[in-house]
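The values are calculated or read from the model by the stated rules, or taken from the named source; none is laboratory data. What you are looking at is a predicted structure, and each value in this text was computed from that prediction instead of being measured. Cβ placement follows ideal geometry from the backbone for every residue including glycine, while neighbour counts extend to all protein chains displayed. These accessible areas exclude ligands, DNA and RNA; they are computed on the full protein's heavy atoms, side chains included. Shrake-Rupley method; radii C 1.70, N 1.55, O 1.52, S 1.80 Å.
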Amino acid sequence: MATTADYGLGEFTFPRGWFMVAPSSDAVGAPKPLRMFGRDLVIYRGESGRVVLMDAYCPHMQAHLAAEQTSGAAARRIEGDSIRCPYHAWRFGPDGRCDHVPYYKGPMPPAAKVRSYPVEERFGCVFAWHDPEAGEPDYALPDLPEWQDPYWVRCTFDDLGTIPVHPQEIIDNIGDTRHFGPIHGQIMAYFDNIFDGITARQRSGGGHETMTTSEDGVLDSDAMYTGPGILIARYSGETDAVQIILHTPKEDGVTQIWHGLITRGQSVPHSPADLEMNRAYHDIGLAAFSQDFEIWRTKGPAIHILRLPTDGPFPRSRAWYRQFYNPRARAAEYQARANGLHRTQDVPAHPSVEAA
Ligand code: FES
Ligand SMILES: [Fe+2]
């Protein structure tokens, strides 16, 4: 297992960005313990419906705010959108400040607070903003208009668990032109990358052994990272599909991964055929992703890539990823090293580029 320091990514052990921390269905009225970004956290849904994520340990005497799971009393400790500590009943608002102590009326010391994280819910997932500099979000979560479109069959997310692999290895996939043939059985028609600020995009097309159903099937894929933890890949071919891959650093060098896939149906409400197509696509999408997953799970760390000139643009993708491990004041430096359209030598770029 290699760490952020081993890869020389930057000043911070954990990156800045929006990350999935739990499926929405996990955020309920009783506080639950959660571990992400190398920290113990607590997550709950307040009475207004708002999801709150905060550091787990009470500043009074360090009780875990999600303790007392067995007595059934945990849910009663949610008051409005605030939570009471199980030990001496200090209460913390969703901003993390202590707003009530049952046995003290004086002014609270400034240290009577826990760190609370900005949280947003989208497409059935809870996303948290993690920032080593504790700043406000500096980019928005990606839109997924298909999720709101009644023709699209939604999904629940597969929790693929954790792998002892640094997310750098997963990010490398975005510029990895040459793995498509060996791993996915793809006969590549075109491939290119576009890096632009906090987004990293990969456009590819060709026959795909796993993700097309007919022998001469062509699959066009347009995959984009918005920040370091959210990849949305749109596929057009026999059926329109969107694959969503979410990965979050759990410990330094350990990554938690979720996978989802939605498809466009032919009717509203969905016909049995729409649902069947969704299931089939989900299964082949997961199978294709599992081909990568198996490599990550078993590989050694590629601290340095022995890159050939005809490999994909790894120096660009790695520069892009470094922006999130360094102070945001320096993000533009890394973006400048990554931004632009990048071809892979001896591989056609997207047809729109070739036509220009
Ligand atoms: S440890 Fe939380 S109130 Fe005392
Ligand atoms: Fe892959």
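Estimated at 0.36 nm per residue, the fully extended path between Glu276 and Glu11 surpasses their Cα-Cα distance by 90.6 nm. Distance between the modelled labels on Ala355 and Tyr87, one decimal in nanometres: 6.5 nm (7 Å Cα→Cβ projection). Converting phi to 3J(HN,Hα) with the Karplus coefficients 6.51, -1.76 and 1.60 and the offset θ = phi - 60°, region 296-312 yields 4, 4, 10, 7, x, x, 8, 4, 10, 8, 7, 7, 8, x, 9, 6, x Hz in sequence order, with x at every glycine or proline.
The accessible surface of the chain, taken with every protein chain in place and a 1.4 Å probe, is 54 percent carbon and sulfur.
Summing Cβ point charges (Lys, Arg +1; Asp, Glu -1) relative to the Cα centre of region 177-330 gives a dipole of roughly 940 debye. For the chain, the Cα gyration tensor yields ellipsoid semi-axes of 40, 25, 17 Å (square root of five times each eigenvalue, largest first, whole Å). The slack in the chain from Arg307 to Trp147, taken as 0.36 nm per residue of separation less the alpha-carbon distance, amounts to 53.8 nm. What spacing in nm lies between the two simple spin-label points modelled at Arg97 and Ser267, each 7 Å away from Cα in the Cβ direction? For Arg97 paired with Ser267, the spin-label model returns 5.6 nm.
Given the -39500 (n - 2.57) contribution per DSSP H run of 4+ residues, what per-residue ellipticity at 222 nm results for the chain, rounded to the nearest 500 deg cm²/dmol?
Working: 8 runs with 67 residues, N = 356.
When only DSSP H runs of four or more count, the value is -5000 deg cm²/dmol.
By the Cβ distance rule of under 4.7 Å, the chain has these cysteines without a partner: Cys98, Cys125, Cys155.
Here the label points at Asp222 and Ala329, each 7 Å from Cα along the C-beta direction, are separated by 3.8 nm in the simple model. Principal axis extents of the C-alpha atoms in region 145-355 (largest first, rounded to whole Å): 50, 41, 33.
Cα centroid separation, region 49-108 to region 174-200: 47 Å. Taking packing as the residue-averaged number of other Cβ atoms within 10 angstrom, the listed peptides 13-20, 348-355, 198-205, 91-98 run from highest to lowest as 13-20, 198-205, 91-98, 348-355. Can you classify region 57-135 as rounded, prolate or oblate using the Cα gyration tensor, where a ≥ b ≥ c are the square roots of its eigenvalues, rounded means a/c under 1.5, and otherwise it's prolate if a/b beats b/c and oblate if not? Cα axes put region 57-135 in the oblate bin.
In the full protein context, the chain carries 44 Å² of accessible surface per residue, based on a 1.4 Å probe and ignoring ligands, DNA and RNA. Between His342 and Asn193, Ile194, Phe195, the built amide H atoms are under 5 Å apart, and every one of these is 5 or more places off in sequence or on another chain. When the chain is treated as a GNM with alpha-carbon contacts under 10 Å, the residue of Asp274, Asp192, Asp143 showing the greatest mean-square fluctuation is Asp143.
If I stretch the segment between Ala111 and Arg50 completely, what's the gain in nm (0.36 nm per residue apart, minus their alpha carbon distance), one decimal?
19.5 nm
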